[in-house]
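Working notes, structure below.
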């Protein structure tokens with residue numbers, strides 16, 4: 001996954017918006033770890049290699065190992081920008097927002113026009129406070145886009161935040177602009193589909209979700225989004241079919257279990273609906289009804 005796409009996913013997950021982007025398999029990531037470690041034996045002080053290894057370990061779920069590599073990168077030789085951005089983003093995912101922004105600010109101290117650092121810092125405000133931190137987030141996104149108006153990650157970040165603020169028309173403008181440059185970006189397609197769904201333009205939403213699924217078949221969040229679109233259109237049988245697929249792809253999705261439970265109840269299967277809702281609350285006691 002590219003760095004721009006990784007940041008897009010991070011932001012959108014924080015907002016509850018994005019489908020999972022296409023990623024390497026676990027086997028491929030493990031091979032990459034071995035390759036980076038082999039390169040580091042020859043270049044043990046390379047900041048870039050430590051950061052790349054950290055990214056790969058983080059993709060494998062080894063947060064502690066990733067953090068160790070980012071910190072080695074910051075002590076290494078060469079450009080430390082990658083390690084600063086990566087460590088900052090990891091801090092943000094851990095809820096350590098001030099620590100994350102310290103790293104982004106250090107990167108901006110090296111280059112005040114660093115679009116990636118500005119976008120990452122903007123995301124940190126979103127993750128910390130959403131609406132409460134909106135002015136700071138928009139300031140960073142807008143500054144990033146004033147420097148690089150077509151930057152896909154910054155456009156997706158700002159568009160996703162517009163969507164979270166129930167401003168889908170503005171979100172679509174940003175997603176359209178980003179998709180003009182990268183028309184096969186499944187994250188952008190998913191997010192634009194969510195914006196169309198917010199506007200109740202379900203035909204356009206389904207078109208974008210279908211395009212995203214052609215790129216990442218079986219993505220559970222996109223399957224669930226299609227299910228909700230058909231639910232809104234009143235086709236409960238088709239909605240249930242897509243929630244079935246979403247649960248098969250991700251059995252840990254409380255929202256998908258809850259939605260399917262409500263659909264099964266509406267279709268007259270009260271026992272099945274209650275069982276699905278019970279599973280949803282087992283996975284996440286805070287899951288809310290979609291009715």
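Given the conditions (1) farther than 23 Å from residue 227 by Cα; (2) surrounded by 15 or more Cβ atoms within 10 Å (Cβ to Cβ), report the number of the one that residue 150 does not fulfil.
Of the numbered conditions (1) farther than 23 Å from residue 227 by Cα; (2) surrounded by 15 or more Cβ atoms within 10 Å (Cβ to Cβ), the odd one out for residue 150 is (2).
Considering each of 93, 72 in turn, give the residue that is surrounded by fewer than 22 Cβ atoms within 10 Å (Cβ to Cβ), out of contact with any helix residue (DSSP H, G or I) (no Cβ under 6 Å at 6 or more places or on another chain) and farther than 26 Å from residue 177 by Cα. Please lay out each step first, then the result.
Details: 72 fails: out of contact with any helix residue (DSSP H, G or I) (no Cβ under 6 Å at 6 or more places or on another chain).
The conditions single out 93.
Looking at the structure I just gave you, is residue 81 buried (at least 21 other Cβ atoms within 10 Å of the Cβ), over 18 Å from residue 160 (Cβ atoms) and touching a helix residue (DSSP H, G or I) at 6+ places or on another chain (Cβ under 8 Å)?
In short, no.
Tell me, which helices (runs of 4 or more DSSP H) lie completely within segment 1-98 with 2 or more residues that are farther than 20 Å from residue 117 by Cβ and at pLDDT 85 or above?
26-42, 47-59, 63-75
The values are calculated or read from the model by the stated rules, or taken from the named source; none is laboratory data. Nothing here was measured: the structure is a model prediction, and the numbers come from that model. Cβ sites come from the backbone with ideal geometry, for glycine too, and all protein chains shown count toward neighbours.
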